[in-house]
Amino acid sequence: SLEKAGFSSEDVTKLKQYRGLALIKDLLDGKATITTKAVETLIQHISSVIIPTQDQFFAKEGFKLKRDGGPCSYLGDNFEEWFLQGDGKVEEPIPEMVLDYAKLLRSSKDGSVITSLGGEKVVEAKLSSILCLMSQQEKGQDGTLITNGYANIFYVEDINSVLRAVYVRWYDGGWRVYADSVEGPYGWLVGFRVFSRKSSEALKV
């Protein structure tokens, strides 16, 4: 019977030597049951926000420092290299879309976060959407983005169509914009906010 179930002779030998064999007997006698460990929830959905229709967007025009007439108090080196180099990232007009946002319940790397949100096609956002949300909270007032210094995380393709983690923080009276590789060794902390498109929205852009 064990052979029919796929057990090899080696498996049977290991089974005979298994110290917990009595537990298997309890299972056969109905005195025990097999349960699977619940998967710890990674994210907690908070709400959704509507991003209005966006015209063609030029990253170099939108993401400027305050001294140059823009909304940013700081632009990270990676962000400048991956999104502003040369002519910078150009996004075509997009229709109105809905972004979901959620809270991280435990520290995690990008791979796990992206999987929890539904995959790369679902999480992919637009720079124009990020700037739209930043402009709604230009003075650090309460809103969709958290302003306690924690990261607001978006996943956006760079000028070479590589998916990057773009995150913005309100710090010292202004928005600071950064970008990291989604394959980096470091994870995000509990309480950070992550954004993604609804599955139906992901098919529109």
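When you check Trp175 against the structure, is it under 23 Å from Gln54 (Cα atoms) and aromatic (Phe, Trp, Tyr), yes or no?
The answer is yes for Trp175.
Among residues belonging to region 81-98 that are of a type in the set (A, V, I, L, M, F, W, C) and farther than 14 Å from Gln54 by Cα, point out the one that is most open to solvent (accessible area, probe 1.4 Å).
Checking each candidate, the answer is Trp82.
Residue check, Val166 against (1) modelled with pLDDT of 95 or more; (2) outside any strand (DSSP E or B); (3) surrounded by 15 or more Cβ atoms within 10 Å (Cβ to Cβ), all met but one. Which one?
(2)
Out of Val156, Val177, Val182, report the one residue that is surrounded by fewer than 20 Cβ atoms within 10 Å (Cβ to Cβ) and either of a type in the set (Val, Ile, Thr) or more than 14 Å from Lys126 (Cβ to Cβ) (or both).
Only one candidate qualifies: Val182.
In region 38-93, how many residues are in a strand (DSSP E or B), touching a helix residue (DSSP H, G or I) at 6+ places or on another chain (Cβ under 8 Å) and closer than 18 Å to Arg164 by Cβ?
Total meeting the criteria: 5.
The values are calculated or read from the model by the stated rules, or taken from the named source; none is laboratory data. Quick caveat: nothing in here was measured; it's all calculated off a predicted structure. So basically every Cβ, Gly included, is an ideal-geometry build from the backbone, and we count neighbours across all protein chains shown. Heads up: the accessible areas ignore ligands, DNA and RNA and are worked out on the full protein's heavy atoms, side chains in. Shrake-Rupley method; radii C 1.70, N 1.55, O 1.52, S 1.80 Å.
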